[in-house]
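A quick write-up on the structure given underneath.
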Amino acid sequence: MTSGYDGSMRLALEQAALALDHDDVPVGAVVLDADGTVLARAHNDREGTGDPTAHAEVLALRAAAQAKRSWRLEGCTLVVTLEPCTMCAGAIVLSRVARVVYGAVDDKAGAAGSLWDVLRDRRLNHRPEVLSGVLAEDCAALLRTFFADNRLR
């Protein structure tokens with residue numbers, strides 16, 4: 001699938017590759033402001049920091065909030081290589097991100113439509129727009145390679 005977010009997803013894929021430097025699951029995220037300017041970028045860093053919450057999305061949201069000097073990320077877009085988990089989906093809702101764009105589906109832990117749909121849950125006070133499947137095969141290939149290599153160890 002091609003979209004207006006392919007370039008941003010490529011930036012997120014570059015971030016995801018950085019997670020491999022410390023044997024973390026290669027997930028990358030980018031936060032764009034309302035004009036499409038990159039506010040923040042991050043990759044999974046649980047292994048590097050020993051922090052179970054150091055998912056790419058959470059780290060990117062924190063950095064974007066710092067850049068904006070506000071926890072409210074209204075008008076912003078989060079671009080991430082893998083469908084967010086429940087923790088990240090909760091952080092997305094709480095940060096008031098306008099849009100989430102993701103690549104690969106996460107059938108085991110996805111909370112943006114596959115296993116759960118936290119992002120579009122009508123009981124919550126904020127529901128971002130969700131666009132899935134952007135460069136999905138590229139995103140999934142990086143993850144498949146990582147997990148295949150780790151099974152061989």
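The values are calculated or read from the model by the stated rules, or taken from the named source; none is laboratory data. Just so you know, these numbers come straight off a predicted model, no measurement behind them. Ideal geometry is used to build each Cβ from the backbone, glycine not excepted, and the neighbour counts take in all protein chains shown. These area figures cover heavy atoms from the full protein model, side chains too; ligands, DNA and RNA do not enter into them. Shrake-Rupley method; radii C 1.70, N 1.55, O 1.52, S 1.80 Å.
Filtered by the rule that a residue be exposed (fewer than 15 other Cβ atoms within 10 Å of the Cβ) and within 16 Å of L94 (Cβ to Cβ), the range 48-68 gives T53, Q66. When residues in the range 107-127 are screened for being in contact (Cβ under 8 Å) with a residue 12 or more places away in the chain and either within 17 Å of T81 (Cβ to Cβ) or touching a Cys at 6+ places or on another chain (Cβ under 7 Å) (or both), 7 of them pass. Pairing each residue of the range 34-48 that is assigned to a helix (DSSP H, G or I) with any residue that is surrounded by 15 or more Cβ atoms within 10 Å (Cβ to Cβ) and not charged (D, E, K, R), provided the two are 6+ apart or on different chains, yields C-beta distances under 6 Å for R46/A54. Counting only residues that are at negative phi and either in contact with a Cys (Cβ under 8 Å, 6 or more places away or on another chain) or open to solvent by 10 Å² or more (accessible area, probe 1.4 Å) (or both), the range 28-41 holds 9 of them.
Filtering the range 128-142 to residues that are free of Cβ contacts under 8 Å to residues at least 60 places away in the same chain, under 25 Å from A65 (Cα atoms) and surrounded by 15 or more Cβ atoms within 10 Å (Cβ to Cβ) leaves P128, V130, S132.
Is there a residue in the range 119-130 that is assigned to a loop (DSSP other than H, G, I, E, B), more than 17 Å from D33 (Cα to Cα), within 14 Å of the chain's Cα centre (by Cα) and not small (G, A, S)? No, there is no match, as no residue in the range 119-130 is assigned to a loop (DSSP other than H, G, I, E, B), more than 17 Å from D33 (Cα to Cα), within 14 Å of the chain's Cα centre (by Cα) and not small (G, A, S).
In this structure, D51 does not qualify as over 16 Å from L20 (Cβ atoms), touching a Ser or Thr at 6+ places or on another chain (Cβ under 9 Å), outside any helix (DSSP H, G or I) and of a type outside the set (A, V, I, L, M, F, W, C).
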